[in-house]
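Quick notes on the structure that follows.
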Amino acid sequence: MSLAALSQAIASTPNPVVSTDLFDTVLLRDHTTETQRLAKAARRAGVLLGVDPDVVVKLRWTCHDSAYRAVAMERPGGEATLQAICRTMASAMGLDDRAAAVLLDTEVSVDIEHLRANRRLTAVLRRARTAGARVVAVSDTYYSGRELRRILNAVVGDAPIDAVYSSADLGRTKHAGGIFDLVAEAEAVPVSRILHVGDDHPADVVRARAASWVPIHLPRGGAYRAVATTGRVLGMPSRLRRLR
């Protein structure tokens, strides 16, 4: 669906709440992979902490995988948090909460370096907000709402977003579907008035529609998807090594 169609949907909905995904929707990643970004952050943090960077890289993935395995077993449909991952990493290295803060800060900083604003979409959201719509963000991520605000401020600047809902904070995700009811309850509006825009078809369209929200699919371009898929395939050997 085009941005013109999104604008039309906003205009035709009385008193809408416009919900948007963040990553690859408002915040556009470059062609680096998650493996590359996390390794870069871990190495940088290792230097700052005086720890062998290779050790930090391996530990980052060990703690990442352990955190998500725990979520799958203990609270299916939930979400891990970057804060908990960084605290576990610091503890494993015999360091304190200050080191955990360095790990978290470095990871957020590196992510910011690989993001740019979707200026065309933010312009649509800004016009909608000026016209009286409420604009919120709903993101499946291990970042907290506070961390997402930091990223938005750095990449977008004055983002036209009234509230940020993070799966890390709420303990429910778009992919499992549980976050939609929590956001609708927090916003206290009929679900038929909530328009949700995002790039991920299963989460942002199928799950949103199942929650009776009005989904608007805004995928990244074909060239980006092809390069991203290639990057994931090339990154599979390192991923498999981590899981051994």
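Here are some notes:
- Residue in region 10-21 that is within 30 Å of residue 216 (Cα to Cα) and of a type in the set (D, E, K, R) present: yes
- Among the residues of region 30-79, those that are open to solvent by 80 Å² or more (accessible area, probe 1.4 Å) and in contact with a helix residue (DSSP H, G or I) (Cβ under 7 Å, 6 or more places away or on another chain) comprise 31, 43, 44, 47, 48, 52.
- For region 75-94, a residue qualifies if it is in a loop (DSSP other than H, G, I, E, B) and modelled with pLDDT of 95 or more, and the qualifying residues are 79, 80, 81, 93, 94.
- Pairs, first assigned by the TED database to the domain that holds residue 8 and part of a loop (DSSP other than H, G, I, E, B) in region 181-194, second aliphatic (A, V, I, L, M) and at pLDDT 95 or above, C-beta under 6 Å, six or more apart: 189/17
- Number of the condition not met by residue 12 [criteria: (1) open to solvent by 70 Å² or more (accessible area, probe 1.4 Å); (2) outside the structural domain of residue 177 (by the TED database)]: (2)
- The set of residues in region 80-94 that are in contact (Cβ under 8 Å) with a residue 60 or more places away in the chain and open to solvent by 20 Å² or more (accessible area, probe 1.4 Å) comprises 81, 83.
- Among the residues of region 139-174, those identified as over 17 Å from residue 104 (Cβ atoms) and surrounded by fewer than 17 Cβ atoms within 10 Å (Cβ to Cβ) are 157, 158, 162, 163, 171.
- For region 173-188, filtering for residues that are over 12 Å from residue 141 (Cβ atoms) and under 13 Å from the mean Cα position of the chain (by Cα) leaves 0.
- Extreme residue, least open to solvent (accessible area, probe 1.4 Å), among residues of region 95-132 that are outside any helix (DSSP H, G or I) and either touching a Gly at 6+ places or on another chain (Cβ under 8 Å) or of a type in the set (Asp, Glu) (or both): 117
The values are calculated or read from the model by the stated rules, or taken from the named source; none is laboratory data. Given the structure is predicted, the values throughout are model-derived calculations rather than measurements. No Cβ is skipped: glycine too gets one built from the backbone with ideal geometry, and neighbour counts run over all protein chains shown. All accessible areas refer to the heavy atoms of the entire protein, side chains included, with ligands and DNA or RNA removed. Shrake-Rupley method; radii C 1.70, N 1.55, O 1.52, S 1.80 Å.
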